[in-house]
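The values are calculated or read from the model by the stated rules, or taken from the named source; none is laboratory data. Please read these numbers as outputs of a predicted model, since none were measured by experiment. Cβ atoms come from the backbone with ideal geometry, glycine included; neighbour counts cover every protein chain shown.
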């Protein structure tokens, strides 16, 4: 029996975010402008597709009367971006911008790998 793509949403979300992290590490290590531009295009595609998929899953699993609230809470992730900015600024001053970007990207990627390993429910999202 063939499985549909919708049946593998959890794996697609985890893989997309993990790929995003790996590509940011490659971008931070890239010495060539043309390679960096290609990587940024792929990083953008990973970001947009995983973000859209996460929103789709949240809306699919939320009861209709709570969908607006659930998406509002999801969009509060902007706070995480602010916290990341507070961390990466001083880290860049100490290590340099490429190393700081790589370090935070590795940390995020390891979080996704840990989520994949230690929370089977994330893999089973349909």
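Figures for the structure shown
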item: Inter-residue pairs, beta-carbon under 8 Å, first farther than 13 Å from residue 28 by Cβ and in the stretch 85-108, second surrounded by 15 or more Cβ atoms within 10 Å (Cβ to Cβ), 6+ apart; result: 87/104; 94/100
item: Residues that are over 28 Å from residue 56 (Cβ atoms) and outside any helix (DSSP H, G or I), drawn from the stretch 89-126; result: 96
item: Residues of the stretch 32-55 classified as under 16 Å from residue 125 (Cα atoms) and without any contact (Cβ under 8 Å) to a residue 24 or more places away in the chain, total; result: 3
item: Number of the exception - residue 83 against (1) modelled with pLDDT under 90; (2) more than 19 Å from the chain's Cα centre (by Cα); (3) more than 25 Å from residue 125 (Cβ to Cβ); result: (2)
item: Flag if residue 58 is farther than 22 Å from residue 24 by Cα, in a helix (DSSP H, G or I) and free of Cβ contacts under 8 Å to residues at least 40 places away in the same chain; result: yes
item: Residues being more than 18 Å from the chain's Cα centre (by Cα) and surrounded by 16 or more Cβ atoms within 10 Å (Cβ to Cβ) - total across the stretch 24-35; result: 1
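Residues checked against (1) modelled with pLDDT under 90; (2) in contact with a helix residue (DSSP H, G or I) (Cβ under 9 Å, 6 or more places away or on another chain):
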position	(1), (2)
43	no, yes
74	yes, yes
77	yes, no
91	no, yes
111	yes, yes
116	yes, yes
121	yes, yes
